[in-house]
Amino acid sequence: MFREMRRIKQLLSAEETTAVMNRCTNGILACLGDEDYPYAVPLSYVYHNNKIYFHSAKAGHKIDAILKNPKVSFAVVDEDTIVGKEYTTYFRSVVAFGTARNVEGEEWVEGFKALVEKYSGDLPEDAKHKEIMGCTNSLILAIDVDHITGKEAIEFVNAKKKGL
């Protein structure tokens, strides 16, 4: 169903792909927007239990698009170094495909906790708990990942082989 990567030598392992998802702090959610125009929006996220969680207002373009068609893609860029003399960039990125949905109950709490821990993990536990329990103005959504791949520049692949 999903295409095989054309430059298979540049495919990141599952562990490396997860590491990229865990270390990045923002990504681009792409969905089918108004009048079937693609709609891509940057957002903060957490990758937790093989799902991508993010928060959202209860209404707006993103929510309307997801309600219309919950199939989405999500991309993060971990590395993007311009190498002018080679007319290229040295990159590392991940693309995921899945189905977005609103989460409720215990999963809402778990997803929200994971987000708070990623972005505010250094705050006192009582402050984090108060923020989670007091937030009623936003949704927590999950992308149930159906397919995820990471890819990096061939220069990074070659450097790994050389042990650099």
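If only residues of the range 90-109 that are surrounded by fewer than 18 Cβ atoms within 10 Å (Cβ to Cβ) and touching a residue at least 60 places away in the same chain (Cβ under 8 Å) are counted, the one that is nearest to the chain's Cα centre (by Cα) is 97.
Residues in the range 111-130 that are surrounded by 13 or more Cβ atoms within 10 Å (Cβ to Cβ), touching a helix residue (DSSP H, G or I) at 6+ places or on another chain (Cβ under 7 Å), modelled with pLDDT of 75 or more and not aliphatic (A, V, I, L, M): 112, 113.
Just so you know, in the range 42-82 the residues that are assigned to a loop (DSSP other than H, G, I, E, B) and not charged (D, E, K, R) include one that is farthest from residue 140 (Cα to Cα), and it is 69. There is no residue in the range 129-141 that is in contact with a Pro (Cβ under 9 Å, 6 or more places away or on another chain) and not charged (D, E, K, R).
Inspection of the range 61-78 identifies no residue that is farther than 26 Å from residue 116 by Cβ, buried (at least 17 other Cβ atoms within 10 Å of the Cβ) and in contact with a Leu (Cβ under 8 Å, 6 or more places away or on another chain).
The values are calculated or read from the model by the stated rules, or taken from the named source; none is laboratory data. Predicted, not measured: the structure shown is a model, and the values here were computed from it. For neighbour counting, all protein chains shown are included, and Cβ atoms are generated from backbone atoms with ideal geometry for every residue, glycine included.
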